[in-house]
1. Restricting attention to the range 26-59, report how many residues are among the β-branched types (Val, Ile, Thr), modelled with pLDDT of 80 or more and either outside any strand (DSSP E or B) or in contact with a Phe, Trp or Tyr (Cβ under 8 Å, 6 or more places away or on another chain) (or both).
2. Just to be sure I understand, how many residues within the range 43-56 are within 8 Å of the chain's Cα centre (by Cα) and touching a residue at least 24 places away in the same chain (Cβ under 8 Å)?
3. What is the residue count in the range 17-42 for residues that are of a type outside the set (Asp, Glu) and within 10 Å of the chain's Cα centre (by Cα)?
4. Scan the range 60-82 for residues that are of a type in the set (S, T, N, Q) and either at pLDDT below 70 or crowded, with 17+ Cβ neighbours inside 10 Å (or both) and report the count.
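The values are calculated or read from the model by the stated rules, or taken from the named source; none is laboratory data. Since the structure is predicted, the reported quantities are computational estimates derived from the model, not experimental observations. Counting neighbours? That spans all protein chains shown, and the Cβs are built from the backbone with ideal geometry, glycine included.
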Amino acid sequence: MAEFFEVPVLREDGSVGSHYVNIEAISYVDLETEAGKLIPDGVKVYLNNGYWFTLSGTKVEEVLGLIRNRASVRFKEKPGEN
């Protein structure tokens, strides 16, 4: 049975909302870091259907933990600009 979880997302128009994601649909996650620390607004989740979204808000760490614990996905880290 598919497991869905609610995530806060930043939409292309700049508004913030919620989205329900099937954990099995996650392909990989792009993490942006600066000086070894996660940049919360730099987390993009890519789905296996070609769509992606940017995580935002205070629950980024919680959502990443859920993804790490439940899904077998790649986390791709790229350094932020200084």
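1. Within the range 26-59, the subset among the β-branched types (Val, Ile, Thr) is 26, 29, 33, 39, 43, 45, 54, 58.
Add one more test, that the residue is modelled with pLDDT of 80 or more, and what stays is 26, 29, 43, 45.
So of that shortlist, the ones also either outside any strand (DSSP E or B) or in contact with a Phe, Trp or Tyr (Cβ under 8 Å, 6 or more places away or on another chain) (or both) come out as 26, 29, 45.
Going through the range 26-59 one residue at a time, the tally reaches 3.
2. Step one: of the range 43-56, the residues within 8 Å of the chain's Cα centre (by Cα) are 43-46, 53-55.
Now drop any that are not touching a residue at least 24 places away in the same chain (Cβ under 8 Å), which leaves 45, 53-55.
Qualifying residue count for the region: 4.
3. Within the range 17-42, the first condition is being of a type outside the set (Asp, Glu), and the residues that meet it are 17-23, 25-29, 31, 33, 35-40, 42.
If we keep only those that are within 10 Å of the chain's Cα centre (by Cα) too, we end up with 26, 28-29, 31, 40, 42.
So the count comes out to 6.
4. At the first step, the residues of the range 60-82 found to be of a type in the set (S, T, N, Q) are 69, 72, 82.
So of that shortlist, the ones also either at pLDDT below 70 or crowded, with 17+ Cβ neighbours inside 10 Å (or both) come out as 72, 82.
Qualifying residue count, the range 60-82: 2.
One line per residue, one yes/no per condition, for (1) within 16 Å of Ile67 (Cβ to Cβ); (2) touching a residue at least 24 places away in the same chain (Cβ under 8 Å); (3) among the aliphatic types (A, V, I, L, M):
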position: Val7; (1), (2), (3): yes, yes, yes
position: Tyr20; (1), (2), (3): yes, no, no
position: Ile26; (1), (2), (3): yes, yes, yes
position: Glu34; (1), (2), (3): no, yes, no
position: Asp41; (1), (2), (3): no, yes, no
